[in-house]
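Asks: Here you go, one structure.
The values are calculated or read from the model by the stated rules, or taken from the named source; none is laboratory data. Predicted model, so just to flag it, every value in this text is computed and none were measured. Cβ coordinates were reconstructed from backbone atoms using ideal geometry, including for glycine residues, and neighbour counts include every protein chain displayed.
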Amino acid sequence: MKTPLSQKMGFFAEYYLKLKEQAGATCEADISKLSGFSEDEERVAYVDQLDWVQAGDANLLVRPEFDGKSALLAAEIKERATAAFKGKKWLEAMVLYTRSYMSLPNENVAEIRIVLANRSATLYHMQKYKECLIDIRRAIDLGYPKDLIYKLYERRARCYMALKDYPHTIEAFKKCITAMDDSALTSDKKSKLNLDAMTMIKMLLQDPRTAKQAAKQQKQKVALDQATALPAEKEYVSPLVRIDRSPQEGRFARAAADVKAGEELLVERPFVSVLLEKFAKSHCENCFVRSVVPVACPRCADVIYCSEQCRDEAAKKYHKYECGIVPTIWRSGASINNHIALRIFASKPLEYFLQLKPTIDKELSPEELLSLPKDDFRRVAQLERHQNKRPPSNFFQHVLMARFLTKCLQASGYFGPEPKPEQVRAICSLVLRSLQFIQFNTHEVAELHKFSSTGREKSIFIGGAIYPTLALFNHSCDPGVVRYFRGTTIHINSVRPIEAGLPINENYGPIYTQDKREERQAKMKELYWFECCCDACIDNWPLFEDLPRDVIRFRCEAPNNCAAVIEVPPSCNDFMVKCVTCGEVTNILKGLKVMQDTEMMTRTGKRLYETGDYAKALQKFIDLIRIMYDVLAPPFPDFCESQQHLKDCFLNLGNVYNLD
Ligand SMILES: C[S@@+](CC[C@H](N)C(=O)[O-])C[C@H]1O[C@@H](n2cnc3c(N)ncnc32)[C@H](O)[C@@H]1O
């Protein structure tokens, strides 16, 4: 049997190429006509009526992965799964158990836990030990029968053994031994299993790796407990932040008064967030915290949550219209941005968007935008989307993706049993709009991975989200702020003083200390469609490694506010130095003294950082930056280093995962 296109990996690209191939020569001419439209709805209507696009729709059938709940159907599929299991057809058994699981009504808990336990056995044979452990945990959480539970503990022990996790192996074998008391096993079988388990426990207890691992796990557990215990964070926009607008740069954040280094400027929860598929088994889909005891979605098996609270929150927010569709999105090869677009619509009923649509283009000032309710679609709908700069081919690709995502919504019942074409088109045009603003306004959500044995730290991209206020901040290659995440909540803090009236810029990726100007500018042009004119670009500041070490850059302290930089070699014996710009003399003694003090402070800050006292280290680096900035003018190496340390301290206050 031929696999349907939507079951294949990366099928969207295949669909797109096939579509263009089938259309042949007419395709480019048809696509170019998209430049004649100014409204997204017209663009969607135009693409909809193209014969060759309609013909291609046959390849883009989207169906939920399950046909709705039915205990009867679930039982029938389970029987087929068990037959496949007995025939050692592991993959087939696993897929069938999954379908059976998804078909079971929520209230059929007894059957759900059996199917999960059976699937865990299948996963064990497939050597998918981590997945197997998740199913075991779920089956136990759902109250797996006492007389059979020893089997799950034994399987759990064998999984941990295969994963070389000895403390957990021992714990599971111990539970298996205790659970056997409730089993109906014959005494022969009991003693044999008992002996096996005891032998393993004894052997592992003697293994020196066990104690070492146990100590590490204890440390990790503390970190995880702290992570899961993240308090619900209050949102905050500092009065120091004012959103302004300029003809060249659009809206941007400006300092309403002097900003000191280290100040909290913004704490914002996402308007929408999506976890990368790769983390779907380890993190909560709702809050992005690592799920120690995962809870499955009540309707499908696509995603997991860290707690029932998160699951219920997500179910209320959006999950209904994604159930059974998420695997199709993952398989399609669509990027996380496309999934974000789908989720925006899955979060509110059709009527909401239809009602809002006529007002969507009424331009709102930044103040009006920011005072809208947090979940108002206009907060994101009016973000930058550069629709006047888009070539027709770009619109065409986006319309195709919008059509696919709208089909996903349709398949999940979003438009009701009899979808009205005009409503489908209206939503498709809003999805198209969303794809455009998402392109320029999404942030990567990160988690800091720490390898305590080597001291290495790495920021890992775990998902994507839109923060409507932060999305109004512009870019600089020498940003004034750092961002870090607690769960999905973003925190923005200043990393240097910012004078009243100056822009508060964040960074979209390339930074002057690491990337050459040409590369940074090319990247900004390609990804965000603007020419970067930050100080670092205009003056072509050197990379960190090329910053001159043989000059100190003092600020001219003349009372005329000259603001020039006086470059002095470290060996200079004169304390009174003349500014070549204004001719006034500056006493650099204070600056030299600062240089001496900073050495000591840096050492203290680093020591505090290494011992894990991030709050104190942070304060040290804030002080350092403040006193350096007062007399010295960036860029200079010590300042860059202190800023980097300050950023690292902030990152450690956010999502952290200790790997060893
Ligand atoms: C995330 S938005 C920032 C807010 C945006 N200026 C607005 O009005 O909504 C990104 C877009 O802002 C503009 N932008 C960001 N940084 C800029 C800069 N340094 N200079 C000029 N334009 C910039 C670019 O058009 C970019 O695509």
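Asks: So which pairs qualify, if the first residue must be in segment 530-542 and farther than 17 Å from TYR508 by Cβ, the second must be acidic (Asp, Glu) and within 6 Å of the ligand (Cβ to nearest atom), the Cβ gap must be under 6 Å, and the two must be at least 6 apart or on different chains?
Replies: If the second residue must be acidic (Asp, Glu) and within 6 Å of the ligand (Cβ to nearest atom), no pairs are left.
Asks: Also, quick follow-up: Taking segment 335-358, which residues are over 25 Å from LYS316 (Cβ atoms) and either at pLDDT below 95 or within 18 Å of the chain's Cα centre (by Cα) (or both)?
Replies: SER335
Asks: So is LEU185 surrounded by 15 or more Cβ atoms within 10 Å (Cβ to Cβ) and part of a loop (DSSP other than H, G, I, E, B) or not? Reasoning before the result, please.
Replies: Details: surrounded by 15 or more Cβ atoms within 10 Å (Cβ to Cβ): yes; part of a loop (DSSP other than H, G, I, E, B): yes.
Yes: the conditions hold for LEU185.
Asks: Which of the following residues is in a helix (DSSP H, G or I), out of contact with any helix residue (DSSP H, G or I) (no Cβ under 8 Å at 6 or more places or on another chain) and over 19 Å from ILE134 (Cα atoms): ALA45, ALA55, ALA110, ALA83?
Replies: ALA83
Asks: Further question: Among residues belonging to segment 432-481 that are touching an Asp or Glu at 6+ places or on another chain (Cβ under 8 Å) and β-branched (Val, Ile, Thr), point out the one that is nearest to the ligand (Cβ to nearest atom).
Replies: The extreme case among them is THR469.
Asks: Next up: Contact list please: Cβ distance under 9 Å, first residue in segment 241-265 and basic (Lys, Arg), second residue in a strand (DSSP E or B) and exposed (fewer than 13 other Cβ atoms within 10 Å of the Cβ), pairs at least six apart or on different chains.
Replies: Filtered contacts from segment 241-265: ARG251/ARG245.
Asks: Moving on. Mind listing just one residue for me: the one in segment 192-229 that is small (Gly, Ala, Ser), part of a helix (DSSP H, G or I) and at pLDDT below 95 and, of those, farthest from GLY654 (Cα to Cα)?
Replies: Applying the first criterion (small (Gly, Ala, Ser)) to segment 192-229 yields 197, 211, 214-215, 223, 227, 229.
Restricting the remaining residues to those that are part of a helix (DSSP H, G or I) gives 197, 211, 214-215, 223, 227.
Filter once more, so that each one left must be at pLDDT below 95: 211, 214-215, 223, 227.
Working: ALA211: 30, ALA214: 25, ALA215: 24, ALA223: 12, ALA227: 9 Å.
Step by step, filter segment 192-229, then rank; the result is ALA211.
Yes/no per residue for (1) among the hydroxyl-bearing types (Ser, Thr, Tyr); (2) touching a residue at least 12 places away in the same chain (Cβ under 8 Å):
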position: ASN337; (1), (2): no, yes
position: PRO358; (1), (2): no, no
position: LYS362; (1), (2): no, no
position: GLU367; (1), (2): no, yes
position: LEU383; (1), (2): no, yes
position: HIS386; (1), (2): no, yes
position: LYS389; (1), (2): no, yes
position: SER393; (1), (2): yes, yes
position: PHE396; (1), (2): no, yes
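Asks: Of the residues TYR484, TYR512, only one is in contact (Cβ under 8 Å) with a residue 12 or more places away in the chain, more than 16 Å from the ligand (Cβ to nearest atom) and surrounded by 21 or more Cβ atoms within 10 Å (Cβ to Cβ); which?
Replies: TYR484
Asks: Residue under question is ARG403, and the condition is that it be assigned to a loop (DSSP other than H, G, I, E, B), more than 16 Å from the ligand (Cβ to nearest atom) and crowded, with 21+ Cβ neighbours inside 10 Å; does it hold?
Replies: For ARG403, the condition - assigned to a loop (DSSP other than H, G, I, E, B), more than 16 Å from the ligand (Cβ to nearest atom) and crowded, with 21+ Cβ neighbours inside 10 Å - is not met.
A quick yes/no check of all residues on (1) surrounded by fewer than 21 Cβ atoms within 10 Å (Cβ to Cβ); (2) under 22 Å from ALA184 (Cα atoms):
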{"position": "VAL95", "(1), (2)": "yes, no"}
{"position": "GLU107", "(1), (2)": "yes, no"}
{"position": "ARG119", "(1), (2)": "no, no"}
{"position": "LEU123", "(1), (2)": "no, no"}
{"position": "MET126", "(1), (2)": "yes, no"}
{"position": "LEU133", "(1), (2)": "no, no"}
{"position": "PRO145", "(1), (2)": "yes, yes"}
{"position": "TYR153", "(1), (2)": "no, yes"}
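Asks: Now a separate question. Kindly list the number of the only condition in (1) over 25 Å from the mean Cα position of the chain (by Cα); (2) within 13 Å of the ligand (Cβ to nearest atom) that fails for ARG549.
Replies: (2)
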